[in-house]
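Peer 1: Once you've had a glance at the structure underneath, I'll fire off some questions.
The values are calculated or read from the model by the stated rules, or taken from the named source; none is laboratory data. Small disclaimer: the values here were computed from a predicted structure and weren't measured. Quick reminder, even Gly has a Cβ in these numbers, built from the backbone with ideal geometry, and neighbours come from all protein chains shown. Each accessible area value is taken on the protein alone, full model and side chains, heavy atoms only, with ligands, DNA and RNA left out. Shrake-Rupley method; radii C 1.70, N 1.55, O 1.52, S 1.80 Å.
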Amino acid sequence: METPLSVFDESDFTPNDAFFVRWHLSGIPATIDGRAFRVKVHGMVARELSLSVDDLRKSYEPVEIAAVCQCSGNSRGFFDPRVPGGQWANGAMGNARWRGARLADILKSAAPSAGAVQVRFNGLEVPVSPSTPDFVKALDFDVAMQPEVIIAYQMNGADLPLLNGFPVRLVVPGYFATYWVKMLNDVEVIGEPDQNFWMKTAYRIPSVSNGCIAPGQQTPTEPIGKMRVRSFITNLANGAHVAPGSVRVRGIAFDGGSGIERVAFSSNGGQSWTQAQLGRDDGRYSFRRWSAAFGARPGQAYRLASRAEAGDGSVQPATACWNPSGYLRNIVETVTVNAS
Amino acid sequence: MRWTSIVGAALLAAAGGLGAWGAAAGGAQSDPNVTVSVTYPPERQMFKDGEGAGLARANCQICHSSDYVYTQPPLTKAQWAAEVTKMKRVYGANIQDGDVDAIAAYLVTQNGRE
């Protein structure tokens, strides 16, 4: 289920009851006892841990971070030629304040061995058939030890909704949501790259040309990782009518964690650009809201576009990325409105 | 209810059915030492009648809804056969070899192209 873009126009943070939801397997618990829930930490560690949610809240320093959670396949429905998979529009994303314990602090308390290569994550989501691969994901050990990676027990100041992973989920700011394992109950330190299906076969991008290829082209692949810079107009939808005069346009921008440097706005389909005003800075992993204005004359149509530039210098492209799984779309999006 | 419904693997979204979890787990509550439940909504539709519909109902809807077929891009019979084979070989669906062709033939009548 995806979030309508108009919801992103209401505040910097996406309400929990409007946040997009996506699972992989149909064995999702319908009831969870938060008191009985435990996160097991094991594998190549000197001290195995079994942590209750209270342990996570009280034994580790709480940290809070604003971060965008975006499905790898967000906007897949716009791929041309089209590709199979969930046919998302642009709403498979959301921004929240996540509160939890640093994964690094937890791993350190388990004393990982020097040979640690990756950390593998599993949640309560299970397949209905034993022949279907369980949903497990892995991060390189140095990524897992980054201080912004947390096991979150709160989302926007409240418990996580069950559909967003109650009672705890992994939060990997800057990375696509496939790594943000929900109902996380198993953390395993491993000594070699994970060979499970969801790392080795699925959620992979072409390891050439920035992940974008021509249809039919065969290339080696690698696991998907960080998000690409994107921006959207949130207060005007395609085909909207605006009153002649000065029209205010609002939107959001984000990237994989270098922060939004600037957003350019165009009311003529990208022929000319002006600088948009950036809104409050909630941190480099958050949505950054922006606004701009243009003069509308009666009877005219306007092709509105926004183009974000990130702190790492990356800029949204004018042409669409294509790959067979429908990942990484970040083209400059346009919205056509009519003044009347 | 504020979602736009697309298809998920399992959660198929007759939006009304999800009101309950918003009340139970949303709000401003912050005490994870509770039991949280949801009621998943029922299937919105079964595979439509037609030759092979029974096979599709029996083999596909164990893991995902029929919506997941109807919202895909229209595929050729060969592409549907490849999808069914993927479900069998990659995702472990217990589909008999002899049924792959019949299921693909049905799916192309539901959401297909030449």
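Peer 1: If each of A:Thr201 and A:Ser11 carries a label point 7 Å out from its Cα toward its Cβ, how far apart are those two points in nm?
Peer 2: Result for the modelled spin labels: 4.2 nm.
Peer 1: Only helical DSSP H runs with n ≥ 4 go in: add -39500 (n - 2.57) per run for chain A, normalise by residue count and round the 222 nm mean residue ellipticity to 500 deg cm²/dmol.
Peer 2: -1500 deg cm²/dmol
Peer 1: Counting partner chain Cβ atoms within 10 Å of every residue's Cβ in B:31-44, what's the average? Spell out each step's value before the answer.
Peer 2: Values: counts 6, 16, 11, 7, 7, 13, 6, 9, 1, 4, 0, 0, 0, 0.
Mean shielding count: 6.
Peer 1: Would you mind getting the accessible area per residue of chain A, heavy atoms of the protein chains only, 1.4 Å probe, in Å²?
Peer 2: Each residue of chain A exposes 37 Å² on average to a 1.4 Å probe.
Peer 1: Let me ask something additional. Scan around A:Arg262 for amide H atoms under 5 Å from its own, H built in the peptide plane at 1.01 Å from N, and keep only partners 5 or more places away or cross-chain.
Peer 2: Amide H to amide H, under 5 Å and 5 or more residues apart or across chains, A:Arg262 pairs with A:Glu309.
Peer 1: Return the value, in Å² to the nearest 100, of accessible area buried between chains B and A (probe 1.4 Å, both sides summed).
Peer 2: Roughly 3800 Å².
Peer 1: Further, regarding this structure: What relative contact order, as a whole-number percentage, does chain A give when Cα pairs under 8 Å and 6 or more residues apart are counted?
Peer 2: 18
Peer 1: Same structure, new question: For the pair A:Asp142/A:Asp55, report the inter-label distance in nm, with labels modelled 7 Å from Cα in the Cβ direction.
Peer 2: Taking the simple label geometry, A:Asp142 and A:Asp55 are separated by 3.0 nm.
Peer 1: What's the center-to-center distance, using Cα atoms, between region A:132-159 and region B:33-109 in Å?
Peer 2: Taking the Cα centre of each part, region A:132-159 and region B:33-109 sit 31 Å apart.
Peer 1: Take peptides B:76-83, A:329-336 and line them up by average Cβ neighbours within 10 Å, highest first, as a rough protection proxy.
Peer 2: Result, highest mean Cβ count within 10 Å first: A:329-336, B:76-83.
Peer 1: Related question: Leaving out ligands, DNA and RNA, and with a 1.4 Å probe, what % of the accessible surface on the protein assembly as shown is carbon or sulfur?
Peer 2: Carbon and sulfur: 49 percent of the exposed surface of the protein assembly as shown.
Peer 1: Taking 8 Å as the Cα distance limit and 6 or more residues as the minimum spacing, I'd like the relative contact order of region A:84-219 as a percentage.
Peer 2: Once normalised by length, the contact order is 29 percent.
Peer 1: With label points built 7 Å along Cα→Cβ from the Cα atoms of A:Glu192 and A:Ser113, find their separation and express it in nm.
Peer 2: 1.3
Peer 1: In addition: Percent relative contact order of region A:84-140, based on C-alpha pairs within less than 8 angstrom and at least six residues apart?
Peer 2: Working: 25 pairs, mean separation 15.2, N = 57.
Contact order relative to length: 27 percent.
Peer 1: Quickly rank A:184-197, A:131-144 as a protection proxy: mean count of other C-beta atoms within 10 Å, highest first.
Peer 2: Per-residue Cβ counts within 10 Å, averaged per peptide and sorted highest first, yield A:131-144, A:184-197.
Peer 1: Taking R0 as 25 Å, what's the FRET efficiency between A:Lys40 and A:Asp80 from their Cβ-Cβ distance, rounded to 0.05?
Peer 2: Rounded to the nearest 0.05, the efficiency is 0.05.
Peer 1: How well do other chains shield peptide A:17-23, expressed as the mean number of their Cβ atoms within 10 Å of each residue Cβ? List each step's numbers first, then the result.
Peer 2: Values: counts 11, 5, 3, 4, 5, 4, 4.
Other-chain Cβ atoms within 10 Å of each residue's Cβ, averaged: 5.
Peer 1: Tell me the volume per residue, in Å³, of the convex hull enclosing the alpha carbons of region A:230-339.
Peer 2: Here the figure is 102 Å³ per residue.
Peer 1: Would you work out the charge dipole size for region A:5-202 about its Cα centre, treating the Cβ of every Lys and Arg as +1 and the Cβ of every Asp and Glu as -1, and quote it to the nearest 20 debye? Each step should come with its number before you reach the end.
Peer 2: Working: 18 positive and 22 negative charges, 51 e Å.
It works out to roughly 240 debye.
Peer 1: In whole Hz, what ³J(HN,Hα) sequence does region A:309-317 give by Karplus (6.51, -1.76, 1.60; θ = phi - 60°), x for Gly and Pro?
Peer 2: So the J values, rounded to whole Hz, are 10, 9, x, 7, x, 6, 10, 4, x.
Peer 1: Moving to a separate point now. Can you work out ³J(HN,Hα) from phi for every residue in region A:7-22, in order, using Karplus 6.51 cos²θ - 1.76 cosθ + 1.60 and θ = phi - 60°, giving whole Hz and x for Gly and Pro?
Peer 2: Each residue's phi maps through the Karplus curve to give 5, 5, 7, 7, 6, 5, 10, 8, x, 4, 7, 10, 6, 4, 10, 8 Hz.
Peer 1: Using modelled amide H (1.01 Å from N, peptide plane; none on Pro or chain starts), what sits under 5 Å from the amide H of A:Val117, excluding residues fewer than 5 places away?
Peer 2: Long-range HN contacts for A:Val117: A:Ile190, A:Gly191, A:Glu192.
Peer 1: Per residue, what volume in Å³ does the Cα convex hull of chain A take up? If you can, show how the numbers build up before the last one.
Peer 2: Values: hull volume 47.3 nm³, N = 340.
Measuring per residue, one finds 139 Å³ for the Cα hull of chain A.
Peer 1: Please compute, for peptide A:73-84, the average count of beta-carbon atoms on other protein chains lying within 10 Å of each residue's beta-carbon.
Peer 2: For this peptide, the per-residue mean of nearby foreign Cβ atoms is 2.
Peer 1: Over all alpha-carbon pairs in region A:158-235, figure out the percentage whose distance exceeds 15 Å.
Peer 2: 70
Peer 1: If you don't mind, there's one more thing I want to ask. 5 Å is the cut-off here: which amide hydrogens, built 1.01 Å from N in the peptide plane, fall below it relative to A:Leu160, excluding neighbours closer than 5 in sequence?
Peer 2: When sequence neighbours closer than 5 places are left aside, the close amide H contacts are A:Met155.
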